[in-house]
Structures are given as C-alpha cells and as structure tokens.
Amino acid sequence: MRMRINNAHHTCAYPHSESILRAAPPITPNSRGSAISPRGTPGAKRATNVSLRSELLEAAREAGVNLSATLERALTEELARLKRRQWREQHAGAIAAYNEQCEKHGTFSAGAGAGSVEGARSS
C-alpha cells in the first residue's frame, strides 16, 4: 500500500516561513498613508527636510512637480557624475600612459581597413 503525503511542501517549508516573517522589518504608514520601510532596507524612503527658495517651491507646487521624485533623480545624476569624476581622477595616470603609448606607437587598429588585419596577406 502506497502512502500519499498531502501538503508535503507545507510540512517542510512552514516552520521556516514563520522565522522569515518574524525577521522581516515591519512596514509602517507615514502621515499621508504611504508605506515607509525602516532604515537600512534597500529602496526604503525616509522623510527629510529640505530648504528651498519660497518662490521656487511655490512654482513647483503650482506646476504639479513631484518634489521627492525630482530630488531623487537629481541626486542620482549628481552622484553618478561625482563617481565618474572620481574614477577619472583615480585613473588619470593610466589614462595618460595609454594616451602617450597611442601617440608613440599608434593604436592596434591604426591603418587597418574594415575587416582586414594590418600586415595580412591577400590571397
């Protein structure tokens, strides 16, 4: 006689799912009812204060600009710009050496036509 196990997955996974749920940080609503994840959670949003010129803030509100989304996008772009600049500064020596090498000896593809290899024999 074969014995059939009903809910085998439930029996195996259920004890672990409770510990996972208990370990998950709670999500609480802010004053406007939007969900705010706790600090340290990837993608978590936190309330902050920002000072703006009053006429700029008024114009943005009248235009329906989403201040949070606009500031987040601007910060993302600024951080990416700073990261690129830092990378260029950190690798300036290698870039200068490569440029000097290219000036003295040319590049690997210099003089090669489309699809050809420099010095290759014609058949």
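The values are calculated or read from the model by the stated rules, or taken from the named source; none is laboratory data. As the structure is a prediction and not an experimental result, all values here were calculated from the model. For neighbour counting, all protein chains shown are included, and Cβ atoms are generated from backbone atoms with ideal geometry for every residue, glycine included.
Before moving on, here are some points about what is shown:
- Restricting GLU100, GLU118 to residues that are of a type in the set (Asp, Glu), surrounded by 10 or more Cβ atoms within 10 Å (Cβ to Cβ) and either assigned to a loop (DSSP other than H, G, I, E, B) or at pLDDT 95 or above (or both) narrows the list to GLU118.
- ARG84 vs. criteria part of a helix (DSSP H, G or I), modelled with pLDDT of 55 or more and not aliphatic (A, V, I, L, M): yes
- Region 57-78, residues that are more than 17 Å from the chain's Cα centre (by Cα), surrounded by fewer than 10 Cβ atoms within 10 Å (Cβ to Cβ) and not in a loop (DSSP other than H, G, I, E, B): GLU62, ALA63
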